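Trainee: Here it is: the structure, laid out below.
Just so it is clear, none of the values below were taken in a lab; they were calculated from the coordinates. As the structure is a prediction and not an experimental result, all values here were calculated from the model. A quick note on method: Cβ atoms are made from the backbone with ideal geometry, for glycine too, and the neighbour counts reach across all protein chains shown.
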Amino acid sequence: EAGVAQSPRYKIIEKRQSVAFWCNPISGHATLYWYQQILGQGPKLLIQFQNNGVVDDSQLPKDRFSAERLKGVDSTLKIQPAKLEDSAVYLCASSYVTGTLGVYEQYFGPGTRLTVT
Amino acid sequence: AQTVTQSQPEMSVQEAETVTLSCTYDTSESDYYLFWYKQPPSRQMILVIRQEAYKQQNATENRFSVNFQKAAKSFSLKISDSQLGDAAMYFCAYREETSGSRLTFGEGTQLTVNP
């Protein structure tokens, strides 16, 4: 089966510009995650969707970051305006379902490397 | 809040030898899951092995095994017969059972395999 797709793979922008990332999860996966991975650190969850509803966005900087998953499939993550500290790899992951019914593995995409200059 | 600590920023091993990566975590929960992920330079996060906290038996996957010490909140990864393709960043991760499926990651250990 096809894996999690992300685009673009690389993006360079100047501070105060806006940028958007796209993620297409594995077919049938209801749960979608966006993680931010700053160089030298482990990934940190930004937002989690269950179908098209937000489950957890407690660590999303809402003054500049937004995300949507309108039809419960693809998702976009936007940053506006970007700051230097937003330079990171943005990872998208999906899983079949979330909750307490068992361990459902999260499958990760290749990520988008963002450089803000 | 749950935290995951990997105290070894870098490790190296000779090809065909065995190496152990360390991980400790802090939680007040009794039911949870622990994972080791591998991230090669391609940035693709790949699940290596997982452990359910309620299971006393340590998980194994071919050359990869864990030493899970629940009381000590320790979860180390042993890689036997190391291969050049094992070179990557390794992340330990924690997931609660009862509060959704957020993964909390450690800082990572960069593993180098020397020929």
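Trainee: Near the amide H of residue A:5, under 5 Å away, which other amide H atoms are found, from residues 5 or more places off or on another chain, if H is placed in the peptide plane?
Mentor: A:24
Trainee: Next question, about the same structure. Please list, ordered by chain and number, the residues whose modelled amide H lies under 5 Å from the amide H of residue B:112; skip anything fewer than 5 residues away on the same chain.
Mentor: B:11, B:12, B:13
Trainee: Take the alpha carbon atoms of the range B:67-111, find their radius of gyration, then divide it by 2.2 N^0.38 Å using N residues; give the quotient. Kindly include the intermediate steps, with their values, before the conclusion.
Mentor: Working: Rg = 13.1 Å, N = 45, 2.2 N^0.38 = 9.3 Å.
That works out to 1.40 for the range B:67-111.
Trainee: Sticking with this structure for a sec: Report the extension gain between residue B:42 and residue B:110 in nm, rounded to one decimal, defined as 0.36 nm multiplied by the number of residues separating them, less their alpha carbon distance.
Mentor: Values: separation 68, 0.36 × 68 = 24.48 nm, distance 1.40 nm.
Fully extending the segment from residue B:42 to residue B:110 adds 23.1 nm.
Trainee: Between residue A:27 and residue A:59, take the C-beta separation as r, use R0 = 35 Å, and let me know the FRET efficiency to the nearest 0.05.
Mentor: Values: r = 28 Å, r/R0 = 0.79.
Here the calculated transfer efficiency is 0.80.
Trainee: Expressed in nm², what is the orientationally averaged projection area of the convex hull enclosing the Cα positions of the protein assembly as shown?
Mentor: Across all orientations, the protein assembly as shown yields a mean hull projection of 12.7 nm².
Trainee: Amide H of residue A:55: which non-local residues (sequence gap of 5 or more, or other chain) have their own amide H closer than 5 Å, using H built in the peptide plane?
Mentor: Under 5 Å from the amide H of residue A:55 lie the amide H atoms of A:48, A:49, A:50, each far enough along the sequence or on another chain.
Trainee: Among A:91, A:32, A:20, which residue has its Cα positioned farthest towards the positive end of the charge dipole of chain A, with +1 placed on the Cβ of Lys and Arg, -1 on the Cβ of Asp and Glu, and the dipole taken about the Cα centre?
Mentor: Farthest towards the positive pole: A:20.
Trainee: Please compute, for the alpha-carbon atoms of chain A, the extent along each of the three principal axes and give them in descending order in Å.
Mentor: Extents along the principal axes, in whole Å: 43, 28, 27.
Trainee: Set the Förster radius R0 to 35 Å, insert the Cβ-Cβ distance between residue B:7 and residue A:80 as r into 1/(1 + (r/R0)^6), and round the FRET efficiency to 0.05.
Mentor: That pair, residue B:7 with residue A:80, gives E of 0.40.
Trainee: Counting pairs on different chains as well as pairs 8 or more places apart, how many Lys pairs in the range A:9-113 have Cα atoms under 22 Å apart?
Mentor: Final tally of qualifying lysine pairs is 14.
Trainee: Still on this structure: Please list, in order along the range A:108-116, the HN-Hα scalar couplings obtained from phi with the Karplus expression 6.51 cos²θ - 1.76 cosθ + 1.60 (θ = phi - 60°), rounded to whole Hz, x for Gly and Pro.
Mentor: 9, x, x, x, 10, 8, 9, 10, 10
Trainee: How large is the convex hull of the Cα atoms of the range B:4-74 per residue, expressed in Å³ as a whole number?
Mentor: On the way: hull volume 8.1 nm³, N = 71.
Dividing the Cα hull volume of the range B:4-74 by its residue count gives 115 Å³.
Trainee: Taking 0.36 nm per residue of separation and subtracting the Cα-Cα distance, what length does fully extending residue B:61 through residue B:78 add?
Mentor: That pair, residue B:61 and residue B:78, stretches by 5.1 nm at full extension.
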